[in-house]
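Have a look at the structure below before the remarks.
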Amino acid sequence: MKKTNMYLAGIGLLFLSACAGTNDNSFRVDRSLEYCHHQVTRTLAELRGEEGQIDYTLIPRNILKGEAHWNCRKASETEWCSGFWPGILWYDYEATGDVQIRTEAEKFTAALGFLAKQPAYDHDLGFLLFCSYGNGYRLTGNPEYKQVLLNAADTLATLFRPRAGTLLSWPRNVKMFGGYNTIMDNMMNLELLLWAAKNGGNPYLADIAVSHADRTMEHQFRPDYTCYHVAVYDSISGEFLRGVTHQGYADSSTWARGQAWAIYGYTLMYRETKDARYLNFVQKVADAYLERLPEDKIPYWDFDAPDIPNAPRDASAAAVTTSALLELSSFLPDETGTKYKQAAIEMLTSLSSEKYQSRASKPSFLLHSTGHWPAGSEIDASIIYADYYYIEALVRLRKMENK
Ligand code: GLY
C-alpha cells in the first residue's frame with residue numbers, strides 16, 4: 001500500500017514537472033520545489049535503510065551513470081562535498097516548513113562541527129560549513145552555529161598568503177603546480193569571510209576577501225573574460241606566474257564550472273561590498289558564459305571540449321550559474337536585470353525538464369553533471385552540489401516572485 005501511494009505520488013509529480021515551462025511560457029517554481037521535497041524524502045528513506053537508522057556522518061555525494069542509489073562518503077575535511085546535503089535539507093525546510101526535515105538538517109549539520117576545531121585542510125572549509133551551518137544560522141539564529149562559523153572563518157583565513165594576496169586553495173598541491181595555487185572555486189568561500197567580518201569577526205577577514213577577489217580579477221581572466229581554473233603564484237615573492245587548468249580540458253580552455261564559480265563569486269562580492277567594480281566585472285564574465293551556451297542552456301562540461309556536441313554536459317555549472325544570475329539580476333536596473341533573470345529562468349526550465357531531472361529513476365534532483373573529467377570521475381552523473389544550487393535557485397526565485 002505504501003509503495004503504491006509512493007508510485008502514484010511519483011506519477012503525479014512526473015506530470016506536474018512535465019508541465020514546467022510549457023504552454024504559458026512561465027516557470028512553475030512551486031512545482032519544482034515540490035519535486036525536490038519528494039526527492040529529499042526518498043533520499044532520507046534510502047539513508048534510513050531497512051534498519052531505520054541514519055548514520056549522520058555518511059553524506060550523499062553522487063549517483064553515477066547507470067546507478068540508482070546514492071554513494072555516500074564519510075564527512076571529513078578531505079570530502080569537500082559534505083556540506084551540500086545538510087544545505088539541501090535547510091533549503092527544503094525553508095521551502096516547506098517541514099519540522100522533520102529541519103530535525104534531519106540539524107543532525108547532518110552537527111556531524112560537521114568538528115571541522116571548525118582543526119587546522120584548515122584547504123579552502124573547501126567554506127563550502128563545508130557555510131552551506132550547512134551558514135544556512136542553519138540564517139534560518140534559526142542558533143548562537144552555536146554562529147560560533148562555529150566565526151571559528152571556521154578564522155581557520156580559513158590562515159590560508160591567506162599576503163605576498164600573493166590570495167588564499168592558497170590547495171596546500172597539498174603546491175609542489176604539483178610549482179607554486180601557490182588559487183583556484184576559481186575559492187571565490188565561493190570568500191562568502192564565509194565576508195559574513196564573519198560583519199557578524200562579530202575580525203574586520204581583517206573582509207580585507208583578505210577583497211584582496212583575494214581583486215588579485216583573482218587581475219590575473220585569472222583572459223581578455224575575453226573567460227577564466228583559468230588555477231592561478232599559480234611564486235611561493236616566495238607572490239608574483240603571478242601562470243594560469244593553468246586542473247579540471248578543465250586544457251590550460252587555454254574554459255571549464256564550465258570554473259566560469260560558473262566566477263559568476264557566483266563576483267556576484268556575492270558585489271552583494272557584500274557594494275563595490276561597483278565587481279558588478280561591472282561580473283556582467284562581462286556572465287556574458288562570456290551566456291554567449292557560449294548550447295541551445296538548451298546547459299553547458300558542455302568544458303566550453304572547448306573537442307567532442308562537442310557529443311561531450312558530456314555539466315548540469316551543476318548550470319545550477320550554480322542560475323542561482324547567481326537570479327541574484328545578479330536583482331542588483332541591476334530593469335533592462336539589464338531582465339536579461340539575466342530571463343536567462344536564469346530558461347536554465348531552470350531546462351534543468352526542470354525530463355532530460356535533466358532524475359524523477360523516478362533516482363532520488364537525486366538532477367542528472368548529467370560532470371565532476372572531474374580529466375580524472376575520469378563523476379562523468380554524466382547526479383552530483384550533490386548540482387542539487388544544492390538547483391534548490392537554492394528555486395528558493396531564490398520563489399522569494400523574488402513573492403516580493
Ligand atoms: N570545487 C571542486 C569542483 O568544482 O569540482
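We did not get these values from a lab; they are worked out from the coordinates using the rules stated. Everything numeric in this text was worked out from a predicted model, so none of it was measured. Note: ideal-geometry Cβ built from the backbone for every residue, glycine included; neighbour counts use all protein chains shown.
Values as computed for the structure displayed
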read-out: For region 47-54, 3J(HN,Hα) per residue [Karplus equation, 6.51 cos²θ - 1.76 cosθ + 1.60, θ = phi - 60°, Hz, x = Gly/Pro]; value: 5, 5, x, 6, 6, x, 10, 9
read-out: Unit charges at the beta carbon, dipole of region 261-403: most positive-side option, 319, 264, 331; value: 331
read-out: Most fluctuating residue given options 263, 383, 54, as computed from a GNM of the chain linking Cα atoms under 10 Å; value: 54
read-out: 222 nm mean residue ellipticity, helices alone, for the chain (DSSP H n ≥ 4; -39,500 (n - 2.57); rounded to 500); value: -16000 deg cm²/dmol
read-out: Relative contact order of region 266-389, pairs being alpha-carbon contacts under 8 Å that are 6 or more residues apart, as %; value: 22
read-out: Total charge dipole magnitude, the chain, about the Cα centre, Cβ charges on Lys, Arg, Asp, Glu only, Debye to nearest 20; value: 440
read-out: Amide H within-cut-off set for residue 242, under 5 Å, with H built and near neighbours excluded; value: 232
read-out: Per-peptide average of other Cβ atoms within 10 Å, ordering 96-102, 287-293, 306-312, 108-114 highest first; value: 108-114, 287-293, 96-102, 306-312
read-out: Cα coordinate range in the chain, projected on the principal axes (Å, largest first); value: 68, 44, 43
read-out: Top of 237, 132, 316 by mean-square fluctuation, Gaussian network on the chain, Cα under 10 Å; value: 237
read-out: Given charges at beta-carbon only (K, R positive; D, E negative), |dipole| of region 89-220 in Debye; value: 460
read-out: Taking 346, 51, 79, 354 and counting other C-beta atoms within 10 Å, the order from fewest to most; value: 51, 354, 79, 346
read-out: In region 12-156, lysine pairs with alpha-carbon atoms under 23 angstrom apart (chain gap of 8 or more, or interchain); value: 6
read-out: log₁₀ of I(q)/I(0) at q = 0.13, 0.19, 0.22 Å⁻¹ - region 301-356, Debye sum with one point per alpha carbon; value: -0.39, -0.72, -0.84
read-out: Pairwise label distance in nanometres, residue 310 with residue 334, each label 7 Å out on the Cα-Cβ vector; value: 4.9
read-out: Reach of residue 341 by Cα under 29 Å, taken over lysines that are not fewer than 8 positions away in the same chain; value: 198, 274, 284, 297, 355, 399, 403
read-out: Amide H within-cut-off set for residue 377, under 5 Å, with H built and near neighbours excluded; value: 372
read-out: Calculated from backbone phi, Karplus (6.51, -1.76, 1.60) coupling profile of region 204-217 in Hz, x at Gly/Pro; value: 4, 4, 5, 4, 6, 5, 5, 4, 4, 5, 5, 5, 5, 4
read-out: Residue order, fewest to most surrounding Cβ atoms within 10 angstrom, among 234, 387, 122; value: 234, 122, 387
read-out: Residue order, fewest to most beta carbons within 10 Å, for 215, 222; value: 222, 215
read-out: Segment residue 290-residue 65, extension gain: residue separation times 0.36 nm, minus the distance between their alpha carbons; value: 78.3 nm
read-out: Under Karplus coefficients 6.51, -1.76 and 1.60, residue-wise ³J(HN,Hα) of region 270-284 in Hz, glycine/proline x; value: 5, 3, 7, 10, 6, 7, 4, 4, 5, 5, 5, 5, 5, 5, 5
